[in-house]
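Contents: one structure, followed by commentary.
What follows is calculated from the coordinates using simple rules that are stated; it is not laboratory data. Quick caveat: nothing in here was measured; it's all calculated off a predicted structure. Positions of Cβ are generated from backbone atoms using ideal geometry, with glycine treated the same way; all protein chains shown enter the neighbour counts.
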């Protein structure tokens, strides 16, 4: 990870960690970088955060000042920016979003011309420019100054693409959608309505400060209650920029990313469409998923946390399905990044083709109790590599043996250490997580509140 760009872009509190000056310089560098041999075309999308608008204007100012043309998708999803970049010959794309973070945070995600996350070496060059460690860039003059162009049509083409992926009508299905007061609000209902579903939508009235607030994939309990009250066939919750999807079955039970990987992986394998009979997971996936995959004859790869690493593994090995427990699911035949709405459509395909409920499809996976706690620390690397902390982690791992596991890792986007334990009971999970956190505190590594 770089100084500013982490595993998921440049992210932090708006006007505190991430400022308009940063955004302007990101635009200046990208506009110059891609305009050296031709007039660069760069597309920008944003989520519904209040600060997204000022960052959009700052980025557009930087791009056009360097001679690039900035195309504005306005409020849209991260995967839609990826789709538009790779299908409409843009040099790169920029998404303004802090995903599942609170409204006062924001982020800048850069997507290359192939629809993938930007290469680290380009991000490093941007960081040097931000810090004044590289030469000042020339400003475009006269007719070479770039233009800002309304490009809402690109978002509409993405909606059409999603609709085209459905294999059959959703008529007769009662589906709930939690749009998290975020990017999905302008897209998800349009797709489901067009496919014939009886669509019930909640948290679809963004005001700039309510994105992810007690709603969406990070507060799934809201959709659980709604699905049960309305007696729906299924529900799908998205995060702020709609690159995640967590489902809820007809009984109000959560179907997370691990279960979605199993359901879709098993279906694709049965139809001879799961390349290498393999799914790609991260180290955070539940033991229950792996045990169910073993029974179904599905192989699996494990990567570091982050859909970036999942996708790199998929490309390297020609696998077609991968994702994270958090709901970032990648179907490489259709997309180059996690896409929440696309994921929900793929789950619907399995339900319709197999004529089975979501609960029945997920039934073979027996999820191990899991507890994850975040500890805000002074320095992530120092905390993780502290000898006493490592000793405590090893002790828990030894006690758990094959009946569970412990994972302690650095967050890619926040100054926190994540402590996760899987065990046979919730009580054991809590006990072992507390043991490790107590050591982190005793070593003086925690930021005092």
FRET efficiency for residue 427 and residue 36, using Cβ-Cβ distance with R0 set to 51 Å, rounded to 0.05:
0.25
How much length is gained on full extension from residue 205 to residue 89, taking 0.36 nm per residue of separation minus their Cα-Cα distance?
38.5 nm
For each of 38, 219, count neighbouring Cβ atoms within 10 Å of the residue's Cβ, then give the residues from fewest to most.
38, 219
Taking a ≥ b ≥ c as the square roots of the eigenvalues of the Cα gyration tensor of the range 5-155, is the shape rounded (a/c under 1.5), prolate (a/b larger than b/c) or oblate?
rounded
Taking the beta-carbon count within 10 Å as an exposure proxy, list 7, 48 from fewest neighbours to most.
7, 48
Simple spin-label estimate for residue 194 and residue 316 in nanometres, 7 Å along Cα-Cβ
3.6 nm
What percent does the relative contact order of the chain come to when contacts are Cα pairs within less than 8 Å and at least six residues apart?
12 percent
Please check: in the Gaussian network model of the chain (C-alpha springs, under 10 Å), which one of 299, 49, 244 has the largest mean-square fluctuation.
299
Mean-square fluctuation maximum in Gaussian network of the chain, Cα pairs under 10 Å, restricted to 31, 240, 160, hits 160
Quickly estimate the mean residue ellipticity at 222 nm for the chain, helices only: each DSSP H run with n ≥ 4 gives -39500 (n - 2.57), and the total goes over all residues, rounded to 500.
-12000 deg cm²/dmol
Simple spin-label estimate for residue 381 and residue 253 in nanometres, 7 Å along Cα-Cβ
4.4 nm
Classify the chain from the C-alpha gyration tensor, please: rounded if a/c falls under 1.5, else prolate or oblate depending on whether a/b exceeds b/c.
oblate
Please arrange 353, 143, 312 by counting, for each residue, the other beta carbons lying within 10 Å of its beta carbon, fewest first.
143, 353, 312
For the range 164-251, just say rounded, prolate or oblate: build the C-alpha gyration tensor, square-root its eigenvalues into a ≥ b ≥ c, call rounded for a/c under 1.5, and beyond that prolate if a/b exceeds b/c, oblate if not.
oblate
Once you've got the GNM for the chain with C-alpha springs shorter than 10 Å, pick whichever of 346, 356, 314 has the biggest mean-square fluctuation.
356
Label-point separation (nm) for residue 434 and residue 163, each offset 7 Å from Cα along Cα-to-Cβ?
5.5 nm
